[in-house]
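Input: a single structure, listed below in structure tokens.
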Amino acid sequence: MEEFESFREGCASSFRVIYDSYHQILYRYAQTISNDDFEAEEVVQEVFIAFFNNRNKINEPAGIYPYLFTLTKRLLIMRFRSRVVKARFNKHLEVSWDEGCYSTEEKIIYNDLQEFVDKCVDQLPEKQKEIYKLNKTNGMSYKEIARLTGVSIHTVKNQLIAASKKIKPKIEKYYLTFLLFFFY
């Protein structure tokens with residue numbers, strides 16, 4: 001009971017004892033249901049994170065296993081439902097998608113332009129390249145980038161402006177050359 005109380009207070013070693021006691025049981029259950037080792041491990045990790053975050057909701061040691069098992073089962077069901085929805089959506093796309101939307105020519109043009117942009121980005125100084133990719137490729141905000149890279153939001157903004165000033169003229173020149181060559 002003393003170990004349980006120290007866990008409820010946030011003791012890492014007490015949490016580790018509980019984790020070691022139930023991890024394999026939950027993992028085997030999740031792996032049996034999902035038939036995917038990676039997904040089973042992810043689910044069990046999510047379960048233990050939620051368990052730790054909600055540790056004060058469990059009033060006695062006997063409630064640990066039912067809580068962990070129920071949470072594992074619910075997460076597996078949610079993931080299954082998500083896969084079903086995605087499968088239905090993909091099936092709908094297969095039926096309704098008109099491949100004529102994009103010609104092979106347009107795909108080639110897009111791929112060439114994307115390749116050129118990637119080369120331009122690779123020529124940027126290392127910090128600008130990192131910040132530019134985090135913003136444009138990963139869609140991160142200035143604040144998220146600042147937190148991740150350890151620089152100020154103002155620095156992130158300045159780095160993006162400088163990177164864009166270097167890339168934009170190259171792309172415009174490339175695209176104009178490409179259009180003149182392609183259409184004349």
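The values are calculated or read from the model by the stated rules, or taken from the named source; none is laboratory data. Every value quoted in this text rests on a predicted model; they were computed, and no experiment measured them. Counting neighbours? That spans all protein chains shown, and the Cβs are built from the backbone with ideal geometry, glycine included. All accessible areas refer to the heavy atoms of the entire protein, side chains included, with ligands and DNA or RNA removed. Shrake-Rupley method; radii C 1.70, N 1.55, O 1.52, S 1.80 Å.
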Over the chain, give the accessible area per residue in Å² for a 1.4 Å probe, as an integer. 71
If the chain between Ser164 and Thr32 were fully extended at 0.36 nm per residue, the gain over the current Cα-Cα distance would be 42.5 nm
Computed helical MRE - 222 nm, the chain, DSSP H runs ≥ 4 contributing -39500 (n - 2.57), nearest 500: -27500 deg cm²/dmol
So for the pair Lys73, Val95, with labels modelled 7 Å out along Cα→Cβ, what separation do we get in nm? 3.3
Which of the peptides 16-29, 38-51 is most tightly packed, and how do the rest follow, judged by the mean count of other Cβ atoms within 10 Å per residue? 38-51, 16-29
Of all chymotrypsin sites (Phe, Trp or Tyr not before Pro) in the stretch 59-162, the ones in DSSP coil with at most 14 other Cβ atoms within 10 Å are Trp97, Tyr102
Heavy-atom accessible area of the chain with neighbours in place, 1.4 angstrom probe: carbon+sulfur share in percent works out to 57
Once the principal axes of the Cα atoms of the stretch 127-173 are found, what is the range along each, listed largest first in whole angstroms? 35, 18, 14
Taking the simple approach of a point 7 Å from Cα along Cα-to-Cβ for both Thr137 and Val84, what is their distance in nm? 3.7
Please state the relative contact order of the chain as a whole percent: Cα pairs under 8 Å, 6+ residues apart? 14
Quick check on the stretch 39-132: take the gyration tensor over C-alpha atoms, sort the square-rooted eigenvalues as a ≥ b ≥ c, and tell me if it's rounded (a/c under 1.5), prolate or oblate. oblate
If I compute volume of the Cα convex hull per residue in Å³ from the structure I just sent, which labelled value in (1) 205; (2) 115; (3) 184 lines up? (3)
